[in-house]
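Heads up: the structure comes next, in structure tokens.
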Amino acid sequence: MTSRYREVHEAWREDPFGFWLEASREIDWTRPPQTAFDAEAGVYGRWFPDGELNTCHNAVDRHVASGNGERAAIIYDSPVTGTKRRIGYAELLREVQALALTLTDLGVAKGDRVIVYMPMIPEAVVAMLACARIGAIHSVVFGGFAAKELAARIDDAAPKLVLSASCGIEPARTVEYKPLLDRAIELSAHKPEAVVVKQRPQLTATLIEGRDHDWDEARAAAVARLEGGAESPCVPVKATDPLYVIYTSGSTGKPKGVVRDNGGHAVSLAWSLKNIFDTDAGDTFFCASDVGWVVGHCYIVYAPLIRGATSILFEGKPIGTPDAGTYWRIVAEHGARILFTAPTAIRAIRKEDPGGEMPKRHDLSEFKALFLAGERADPETILWAENALDRPVIDHWWQTESGWPMVANPLGLGLLPVKRGSPTVPMPGFDVEVLDPFGRPVAKNEMGAIALKLPLPPGALPTLWNADERFRQSYLTEFPGYYSTSDAGFLDDEGYLYVMGRTDDVINVAGHRLSTGEMEEAVGSHPAVAECAVIGMHDELKGEIPCGFVVLKKGAEMERSAIERELITIVRDQIGPVAAFRRVLVVDRLPKTRSGKILRRTIKAIVDDKPFETPATIEDPAAIDEIRAIVANGAR
Ligand code: COA
Ligand code: AMP
């Protein structure tokens, strides 16, 4: 099939506002938008300013109303607990109505924030949809973060209520959520009024009298009320009202609250699931991420449900639960059309199954393509997957901020030729340019900063939560008229983009976005540490892992190895296990310029065994020799 990409892209270029107004027809509106875009509103303009809708209605109610209540909305497959559960749209609606009623009873109203701190269980999806139903703004926090990170999000979002569960199941341990949550609420200045806890069979959490509520008890009461005639209606909200806030790493300890609005979000996901992922009503979609990440918000929960597809909710890991064939078992058993995961997961599978034997043991006849995102997909990993699966393997590039793929190979429009190492071409709405430091477009094939010409399309962030000025400063001031992605790369002669890495201190650990600046703040809080640098070191499996170099204060009387152990614990306690901070080395000095700037790029080049030039402005070249010697001694 020849690709319709160029034709569709051209249609968007010729009439961008008409293009998105047309796309908005896939959504049910209580007041359909007459205007696509208001350039005067918000920070850089707002999409569908006069539209009004409810996202939960679009994701659940409308499918039941159109007679598809029996179709599976969610297939929960949890090898870590040995559970499988199929939830039809009508059943999902009942669960969402019950929780929405509970939330309303507990005083949550339109515009209030609700933090969702939950593992990958169906209740997490119900939690998000129930908030959407009543116009409350959810903020899901990933379970791998420590109490301090959760506290920072509680303080920023100021939630009225928290929805949580007793535990998450990691292959090696049960993660007790409730003590982490209690600690976070102790640490935060803002105190939520109520907490609702799903008690899992694996662990019972202790509830605090007066504040905490048992999920199942509240659910039973709400169901009884619904059966008695109580109503739990969808509350119409403005297209520009926030649906959720998702926090992502910035360069300081304060995470950025990315805002997603209701209207643009629904339109962009309905468009992208069909045209990029070639998935529509009745198809089964398997996104093996976590609802705590943007990928999970969009392609586990909202996109498949808005389109009336079936979404697989997977609680497990690509390997070890029980083996490297889990993904293929799930694809076959539930008839998934698409699998979407991170390259790191495929690298983990390849390590266990180098010959690609495991996919062959399953009937993958429904399976059309593998999509990879979250970090650079290295050509070797793509090649292995292509051979093992005999299917297209599609790299695509996006960010928490963009909300959907900025650059992809659109399967739904017909694939363009694959160039391994490139996520392919810009999607309609994302006007991608590569700029020099002065904001001028560079020549084809030349590296530069990747930026998006404003306005951003529907679905991309309109601002940061309560922080318009921080939004401007972080993204819009570096290149006036553009959104700066903080990624670097180049466009080739045929307009294919190559994304080569970040220009800031964000690193990508197993597809998880983390800030080395934040880790430096944690390490620097140890009383013996004078200064430190954390860099992302190349790792065969996880892409990058953090590695710290620290200089101790004069007279710090501690064994180096003991300090190193303490620093690892500090990062785990302050940021969380997901940071995978396991390497830290005490050095006599850090390489710096004479003006005192730590040469992190040089340290990274040494650690990764890459060529580098010693900057002429270096303060003390011996600092480089010391790091070289440590690395040569096999410390990495
Ligand atoms: N709740 C609590 N802790 C969590 C967690 C969660 N939801 N997810 C991860 N962790 C913890 C792990 O238990 C581990 O802790 P440990 O140091 O005590 O062992 C730590 O965080 C790091 O976990 P993880 O990143 O899963 O690394 P791993 O070495 O255990 O597994 C992979 C390696 C490649 C299998 C794993 O990273 C993986 O599945 N990656 C794919 C990620 C993905 O799909 N991302 C999509 C984002 S788009
Ligand atoms: P996150 O906000 O967690 O989704 O992380 C976004 C960042 O991950 C991007 O800015 C990139 O640095 C990186 N990233 C995501 N997808 C890709 C990809 N396909 N290729 C290269 N880098 C990617």
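The values are calculated or read from the model by the stated rules, or taken from the named source; none is laboratory data. All of these numbers come straight from a predicted model, not from anything done at the bench. Because the Cβ atoms are built from the backbone with ideal geometry, glycine has one as well, and the counts that use them run over all protein chains shown. When the accessible area is computed, the model is the full protein with side chains, heavy atoms only, and any ligands, DNA or RNA have been set aside. Shrake-Rupley method; radii C 1.70, N 1.55, O 1.52, S 1.80 Å.
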> Using 0.36 nm per residue, how much length does the chain from Arg594 to Ala158 gain when fully extended, once their Cα-Cα distance is taken away?
Replying inline: 152.6 nm
>> Rounded, prolate or oblate, given the Cα gyration tensor of the stretch 90-135, with a/c below 1.5 counting as rounded?
In response: oblate
>> Let me check against my output: what whole-number percent is the relative contact order of the chain, with C-alpha pairs under 8 Å and at least 6 apart?
In response: 12 percent
> Just from its helices, what would the mean residue ellipticity at 222 nm be for the chain, if runs of 4 or more DSSP H residues each count -39500 (n - 2.57) and the sum is divided by every residue, rounded to the nearest 500 deg cm²/dmol?
Replying inline: -8500 deg cm²/dmol
> What do you reckon, how do Lys110, Lys351 stack up by accessible area (1.4 Å probe), largest on top?
Replying inline: Lys351, Lys110
> Once phi is turned into ³J(HN,Hα) by the Karplus curve 6.51 cos²θ - 1.76 cosθ + 1.60 with θ = phi - 60°, what whole-Hz value does each residue of the stretch 425-432 show in order, with x for glycine and proline?
Replying inline: 10, x, 7, x, x, 9, 8, 8
> Do any GluC sites (Glu not before Pro) in the stretch 311-378 lie in a DSSP loop with no more than 13 other beta carbon atoms within 10 Å, and if so, which?
Replying inline: Glu357
>> Rounded to the nearest 20 debye, what is the charge dipole size of the chain about its Cα centre when +1 sits on each Lys and Arg Cβ and -1 on each Asp and Glu Cβ?
In response: 480 debye
> From the Cα gyration tensor of the stretch 266-353, with a ≥ b ≥ c the square roots of its eigenvalues, which class applies: rounded if a/c is under 1.5, or else prolate if a/b is larger than b/c, or else oblate?
Replying inline: prolate
> Which links in Lys274/Lys453; Lys317/Lys368; Lys542/Lys610; Lys238/Lys317; Lys148/Lys604; Lys254/Lys604 stretch past 30 Å when you go from one Cα to the other?
Replying inline: Lys238/Lys317
> What does a probe at His190 reach in the stretch 275-314, counting residues whose amide N is under 20 Å from the point 7 Å along Cα→Cβ?
Replying inline: 292-294
> On full extension of the chain, what length is gained from Asp468 through Ser525, given 0.36 nm per residue of separation minus the C-alpha to C-alpha distance?
Replying inline: 17.6 nm
> Rounded if a/c is under 1.5, else prolate if a/b beats b/c, else oblate: with a ≥ b ≥ c from the C-alpha gyration tensor eigenvalues square-rooted, which is the stretch 401-518?
Replying inline: rounded
> With the dipole of the stretch 35-178 worked out from charges on the C-beta (+1 for Lys and Arg, -1 for Asp and Glu) around the Cα centre, which of Gln97, Asn54, Ile134 lies farthest toward the positive end?
Replying inline: Gln97
> Once phi is turned into θ = phi - 60°, what whole-Hz ³J(HN,Hα) does the Karplus curve with 6.51, -1.76 and 1.60 give for every residue of the stretch 471-484, x standing for Gly and Pro?
Replying inline: 4, 4, 5, 6, 10, 10, 8, 4, 10, x, x, 10, 9, 8
>> Report for the chain the percent antiparallel among DSSP-assigned beta bridges with both residues inside it, nearest 5.
In response: 60 percent
> For the chain, with every protein chain kept in place, what is the accessible area per residue (1.4 Å probe, Å²)?
Replying inline: 38 Å²
>> Explain nothing, just compute: Karplus ³J(HN,Hα) = 6.51 cos²θ - 1.76 cosθ + 1.60, θ = phi - 60°, for every residue of the stretch 34-47 in order, whole Hz, x for Gly and Pro.
In response: 9, 10, 6, 8, 10, 5, 8, 8, x, 7, 10, x, 9, 8
> Taking a point 7 angstrom from the Cα of Ala230 along the C-beta vector, which residues in the stretch 99-117 have backbone N less than 15 Å away?
Replying inline: 99-109
> If the cut-off is a Cα-Cα distance under 17 Å, which aspartates and glutamates reach Lys444, setting aside same-chain residues fewer than 8 apart in sequence?
Replying inline: Asp431, Glu433, Asp436, Asp487, Asp492, Asp493, Glu494
> What FRET efficiency comes out for the pair Glu70/Lys453, r = Cβ-Cβ distance, R0 = 45 Å, nearest 0.05?
Replying inline: 0.50
> Over the stretch 322-427, what relative contact order in percent results from Cα pairs under 8 Å that are six or more residues apart?
Replying inline: 23 percent
> So, with a 1.4 angstrom probe, what is the percent of accessible area on the chain that is carbon and sulfur?
Replying inline: 49 percent
